[in-house]
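Undergrad: Below is one structure. I have some questions about it.
Each reported figure results from applying straightforward, stated rules to the coordinates on display, with no laboratory input. Owing to the predicted nature of the structure, the values given are computational and were not obtained by experimental measurement. A quick note on method: Cβ atoms are made from the backbone with ideal geometry, for glycine too, and the neighbour counts reach across all protein chains shown.
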Amino acid sequence: MAKRTIVAMPGDGIGKAVMAEAIRVLDAAGFDAEYVNGDIGWEFWCKEGNPLPDRTIELLKKHKIALFGAITSKPKDKATAELSPELQGKGYQYYSPIVSMRQMFDLDICQRPCRTFKGNPLNFIRRGKGGAIDEPVIDTMIFRQNTEGLYGGVEWTNPPDNVYDALMTHPKFKENFAWCPRPELAVSTRIFTRKYTTRIVKAAFEYAKEKGFKTVTVCEKPNVIRETSGMMLKVAQEMAKNEYPDIRVQDVNIDAQMMWLTKNPETYNVIVAGNMFGDIVSDGFAGLVGGLGFACSANIGPEVAVFEPTHGSAPKYADYPVSIVNPIAMVMSACMMLDHIGEGQMAERIRKAIAAVVEEGKVLAYDMLKLSGSPDVISQGAASTRQMADAIIEKL
């Protein structure tokens, strides 16, 4: 394997701790790479007015592949208040750097796998027949459209004349919202395009075909959000009919899906959704297989791909004398990176090592012990972030 250059963007809070351990695991697995640091996150917003500096964008353009840790995001007013004094009042606006990266590099395909590890004490269980405990084996891949929908960033408070006038041409808006004074009106758009809807739906079908799954579930709300959710469902139905006749399309509303995932989650292998609903359902399924400490993801575009755990930066944990956070989500995100660049065998070796650690049950992070995240969990038997990585490396 030729040596690769990977852009490592630890970001904020616990992102730094989990990134370091993921790279140690990759090194132990024999992945020969050079890691270049990419500046990203709250620190750079505060001191530069830009949480995604141009120098990091240039690194992504050059090297194409990145590992990303976590970022801190705060509401508009708090973000502005934390800018350096010399940047105050100069019109800077905070935008999530991960959302900016997705749109800038067309990272429209988001994959979020949720799979059961045998022996994980956090696995979902339910009552079976006769009151028996039943632990379903979950193997779900969620395809989330990553660049459109509610996260597209097209929104206004006190919309300008041309926007307001356009909204007033819609009878539903005129009937239900004309009473509201414009300074008190906030509007967010939910935009779907056929091009990118088709891309995410096709990715879901291709995955189902590759893995031998017979159903793709569209998780939207077309009975109410008729135009956008309706577009995704229609695209999926047409694609099944014309290109994938052996794969069935199943339509489940997002609210119903959140109920069914705690009744029969093992029946949902491939789910496709827009940005917001995909975000919701992927966190829901992650909760069934261990929570955010096990939730990894890929953001894939035509040229650039970024791999990240779905947890936040948890800044209070970053100040603990010994890091306690579970690094498995970051390590599995690195495995998704290996899959993407053609190193699937190495990725599988790491996953098997993780599975062995979890099943053995001797080394458990605080979340796996069901402890509250406090500095004293180490004294209660929880493994540190580094010890979890050590255990994975030992199994390798």
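Undergrad: Each label point is 7 Å from the Cα along the Cα-to-Cβ direction; what then is the distance between the points at Arg126 and Lys174, in nm?
TA: So the label points at Arg126 and Lys174 sit 4.8 nm apart.
Undergrad: What is the packing order of peptides 122-130, 65-73, taking the mean over residues of other C-beta atoms within 10 Å and listing the highest first?
TA: 65-73, 122-130
Undergrad: Using a 10 angstrom cutoff on alpha carbons, build the Gaussian network for the chain and name the most mobile of Tyr92, Tyr244, Tyr151.
TA: Tyr92
Undergrad: What is the packing order of peptides 9-16, 276-283, taking the mean over residues of other C-beta atoms within 10 Å and listing the highest first?
TA: Those peptides, ordered most packed to least, come out 9-16, 276-283.
Undergrad: With springs only between Cα atoms under 10 Å apart, run a GNM on the chain and tell me which of Leu107, Leu60, Leu261 wobbles the most.
TA: Looking only at Leu107, Leu60, Leu261, the largest GNM fluctuation is found for Leu261.
Undergrad: Kindly provide the trypsin sites (Lys or Arg not before Pro) of the range 222-264 that DSSP labels as loop, not H, G, I, E or B, and whose Cβ sees at most 14 other Cβ atoms within 10 Å.
TA: Arg226, Lys263
Undergrad: Let me ask you something else. Between Lys241 and Glu266, take the C-beta separation as r, use R0 = 30 Å, and let me know the FRET efficiency to the nearest 0.05.
TA: For R0 = 30 Å, the calculated efficiency reads 0.65.
Undergrad: Let me check against my output: what whole-number percent is the relative contact order of the chain, with C-alpha pairs under 8 Å and at least 6 apart? Before the final figure, lay out the partial values.
TA: Details: 761 pairs, mean separation 86.1, N = 396.
Result for the chain is 22 percent.
Undergrad: Let me ask another. Taking the simple approach of a point 7 Å from Cα along Cα-to-Cβ for both Ser379 and Cys46, what is their distance in nm?
TA: About 3.0 nm separates the two model spin labels.
Undergrad: Sort Val7, Val306 by Cβ crowding within 10 Å, fewest neighbours at the top.
TA: Val7, Val306
Undergrad: Limiting things to C-alpha atoms, what are the Rg and the maximum Cα-Cα separation (Dmax) for the range 1-158, in angstroms?
TA: 20.1, 68
Undergrad: Next question, about the same structure. Given just the C-alpha atoms of the range 205-334, how large is their convex hull per residue in cubic angstrom?
TA: Each residue corresponds to 144 Å³ of Cα convex hull volume.
Undergrad: Sticking with this structure for a sec: Pop a pseudo-label 7 angstrom from the Cα along the beta-carbon direction at both His340 and Thr193 and give the gap in nm to one decimal.
TA: Label at His340, label at Thr193, 2.1 nm between them.
Undergrad: Using only Cα atoms, locate the centre of the range 243-277 and the centre of the range 68-141, then give the distance between them in Å, rounded to an integer.
TA: Comparing the Cα centres of the range 243-277 and the range 68-141, I get a distance of 20 Å.
Undergrad: In a Gaussian network model over the chain where Cα atoms closer than 10 Å are linked, find which of Gly361, Gly89, Gly49 has the largest mean-square fluctuation.
TA: Result: Gly89 has the largest fluctuation of those listed.
Undergrad: Using 13 Å as the cut-off for backbone N distance, which residues of the range 51-80 belong to the label zone defined by a point 7 Å from the Cα of Glu155 along Cα→Cβ?
TA: Zone members listed by number: 74-77.
Undergrad: Just tell me the longest site-free run in the chain, where the sites are GluC sites (Glu not before Pro) in a DSSP loop having at most 16 other beta-carbon atoms within 10 Å.
TA: Between the exposed loop sites, the longest stretch runs 83-226.
Undergrad: OK, next. If the convex hull of the alpha-carbon atoms of the range 96-209 is projected onto planes in all directions, what is the mean projected area in square nanometres? Don't jump to the answer; show the numbers that get you there.
TA: Numbers: hull surface 52.2 nm².
With the hull built on Cα positions only, its mean projection is 13.0 nm².
Undergrad: Please compute the contact order of the range 156-245 in relative form: average sequence separation of alpha-carbon pairs under 8 Å and at least six residues apart, divided by the residue count, as a percent.
TA: Values: 56 pairs, mean separation 23.4, N = 90.
The value is 26 percent.
Undergrad: Moving on. Can you list, bin by bin at 20 Å, the percent of alpha carbon pairs in the chain, starting at 0?
TA: Pairs per bin, as whole percents: 25, 56, 18, 0.
Undergrad: Another question about this same structure. Counting only C-alpha contacts under 8 Å and six or more residues apart, can you give the relative contact order of the range 96-169 as a whole percent?
TA: Worked out over the range 96-169, it gives 35 percent.
Undergrad: Now for a separate question. Would you calculate the volume per residue, in Å³, of the smallest convex hull containing every Cα atom of the range 8-78? Walk me through the numbers before you get to the answer.
TA: Details: hull volume 6.1 nm³, N = 71.
Per-residue hull volume (Cα only) is 85 Å³.
Undergrad: Could I ask something else about it? So which trypsin sites (Lys or Arg not before Pro) in the range 284-367 end up in coil per DSSP with only 16 or fewer other C-beta atoms within 10 Å?
TA: On the way: sites: Lys316, Arg349, Arg351, Lys352, Lys362; in loops: Lys362.
Filter output for the range 284-367: Lys362.
Undergrad: Can you flag which of Lys64/Lys234; Lys195/Lys221; Lys16/Lys118 are past 24 Å Cα-Cα?
TA: Values: Lys64/Lys234 33 Å; Lys195/Lys221 20 Å; Lys16/Lys118 28 Å.
Beyond 24 Å between Cα atoms: Lys64/Lys234; Lys16/Lys118.
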